[in-house]
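J.: One structure is given below, represented as structure tokens, and several questions about it will come after.
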Amino acid sequence: MNPFRMNLTLILALLSTSFPYNSWAVHTYLGSETESLTRELVEWARQPEFLDWLRRIRRKIHEYPELSFQEYQTNQLIRNELDSLGIKYKWPVAKTGLVATIGSGAKPWFGLRADMDALPIQELVDWECKSKINGKMHACGHDAHITMLLGAARLIQNRRDKLKGTIKLVFQPAEEGFAGASYMLEEGALDGFQAMFGLHVWPFMPVGTIGSRPGPIMAGSSRFSAIMQGKGGHAAIPHKTRDPILAVSMAVLALQQLVSRETDPLEPRVLSVAFVDGGQAGNVIPASVRFGGTFRFMTLEGYSYLKQRIKEIIETQAGVHQCSATVDFMEEMRPYPPTINDPTIYDHSKRVGEILLGNNNVQHSPAMMAAEDFGFYSQRMAAALFFIGTQNKTTASASKGLHSPHFTIDEEVLPIGAALHAAVAISYLDTHFLS
């Protein structure tokens, strides 16, 4: 469509007194604009030089993984790339994070987020860019997340003079268990954001597909650790002991009833005891046993209920077996809230994805009980998290999941993620400007 005719259609619609006609015209205008924008971004992203640049960045990050709140070298790499693009940023934020800004600074502000940290895993993939840091690996794809966001930065910077607002690029540390998102929020780095969008790689979907859902998409999560204190002694005379192993065994069984008998079957909750540590000899009853795990929930009410009942059950079972117990919910690691996709941001991102990839390649994903600290953002602003496929069925990566020492990605996903980030953000500003 001729841009002049599109603008004329919009002006007539805005001047009209007929609200249904206004809505139709604005929707048509925005759809055409988004389609044109997306095609333009895709053409840029398809350039061989662009993909080569993205690959080089991702592989540098992959070779030198850094754990939570230790992402100093990663931060420096990001700043070097932003400097070369002429993009301003604020750092440090939350110790090793940073927030970059593209646009005039005028509202609305739309955020794009990438997490930065690696995992304490020894990489077992034998390739030329294998991790050079012993015992550390980007096994959750955060190296790809950073790369896609830097790619989006380059695409957006090329259109900076046309932006109808401001786009903020959030490079966040410490997603892996240390709630880096909450520290970014506490420091005020995201104050004033109207909305946020994030991508997470997903090895069980093919490259060229994305997926998500409105509402709850990922669970909240918290941890607990307990010490059951009894009285040790020889296994031949158990009546002279207070057996903490028996008390823990009964507590573990009782905890399972929190989901099976105290939770509405239609409300997702999970409680998993993941470790039990006690005793060294086969003929000695230990004096104490340490055990713990995680509990997961889709509502904050579910979190409060499970936390209260876990403590009650462990302490009650201790009393029944003449032991004592202490329960620690390890809140220094900060419980993660559920990730709740805002329906409006979800719908907007889904439409952009359908234009970019085709309707059949935008999937409705089931909610899952894994947790993501993106949930902190979804509590504070309209936000949406999408999964982006990295699977290439012709390679060995086809069946290797996240947090696996064999995890790999198909790097063809990188320009797709970059273009999607950019299109979602730019078209959001256009939509907000016209609303």
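J.: On a 1.4 Å probe surface of the protein chains, which of 252, 99, 276 comes out largest in accessible area, and what is the full order?
T.: 276, 252, 99
J.: Continuing with the same structure: In Å², what does the accessible area per residue of the chain work out to with a 1.4 Å probe?
T.: Per residue, the chain has an accessible area of 44 Å².
J.: While we're here: If contacts are Cα pairs under 8 angstrom and at least 6 residues apart, what is the relative contact order of the chain in percent?
T.: Over the chain, the number comes to 24 percent.
J.: Points 7 angstrom from Cα along the Cβ direction at residue 234 and residue 276: gap in nanometres?
T.: 2.5 nm
J.: In the chain, once you exclude exposed trypsin sites (Lys or Arg not before Pro) (DSSP loop, at most 10 other Cβ within 10 angstrom), what's the longest stretch remaining?
T.: That would be 1-260.
J.: Still on this structure, please answer the following. Using only Cα atoms, figure out Rg for region 153-209 and give it as a multiple of 2.2 N^0.38 Å.
T.: Output field value: 1.44.
J.: Note the angle between two axes, namely the Cα long axis of helix 142-157 and the longest principal axis of the Cα atoms of the chain, as a number of degrees from 0 to 90, rounded to the nearest 10.
T.: Roughly 20 degrees, rounded to the nearest 10.
J.: Where both partners of a DSSP beta bridge lie in the chain, what percent of those bridges are antiparallel, to the nearest 5?
T.: Counting DSSP beta bridges with both partners in the chain, the antiparallel share is about 65 percent.
J.: Report, to the nearest 10°, how far helix 19-45 tilts away from the longest principal axis of the Cα atoms in the chain, using its own Cα long axis and a range of 0 to 90°.
T.: The two axes meet at around 80 degrees.
J.: Let me know the Kirkwood hydrodynamic radius for region 220-333, please, with Cα pairs as the basis and the value in Å to one decimal.
T.: 14.6 Å
J.: Cut-off under 19 Å on the C-alpha distance; same-chain residues fewer than 8 positions from residue 231 excluded. Which aspartates and glutamates are left, in chain and number order?
T.: 243, 277, 315
J.: Take the Cα atoms of the chain, build their convex hull, and give its volume per residue in Å³.
T.: Hull volume normalised by residue count: 164 Å³.
J.: Another question about this same structure. Using a 1.4 angstrom probe with every protein chain in place, what is the largest-first accessible-area order of 204, 69?
T.: 204, 69
J.: Rounded to a whole number, what % of the accessible area of region 220-333 do carbon and sulfur atoms account for, probe 1.4 Å?
T.: Of the solvent-accessible surface of region 220-333, carbon and sulfur hold 55 percent.
J.: If you build the Cα gyration tensor of region 35-110 and take the root of 5 times each eigenvalue, what three semi-axes come out, in whole angstrom, biggest first?
T.: 25, 20, 10
J.: So how compact is region 318-435: Cα radius of gyration and Dmax in angstrom?
T.: 20.0, 69
J.: Same structure, new question: From the helices alone, meaning DSSP H stretches of at least four residues, give me the mean residue ellipticity at 222 nm for the chain, per-run term -39500 (n - 2.57), in deg cm²/dmol to the nearest 500.
T.: Value at 222 nm, helices only: -13500 deg cm²/dmol.
J.: Relative to the longest principal axis of the C-alpha atoms of the chain, give the angle of the C-alpha long axis of helix 48-63, reported between 0 and 90° and rounded to the nearest 10°.
T.: 20 degrees
J.: I need the shape label for region 176-255. Rule: rounded when a/c is under 1.5, else prolate if a/b > b/c, else oblate, with a, b, c from the alpha carbon gyration tensor.
T.: Prolate.
The values are calculated or read from the model by the stated rules, or taken from the named source; none is laboratory data. The shown structure was predicted, so the numbers you read here are calculated from the model rather than taken from an experiment. So basically every Cβ, Gly included, is an ideal-geometry build from the backbone, and we count neighbours across all protein chains shown. Just the protein is used for accessible areas: all its heavy atoms, side chains included, with ligands, DNA and RNA removed. Shrake-Rupley method; radii C 1.70, N 1.55, O 1.52, S 1.80 Å.
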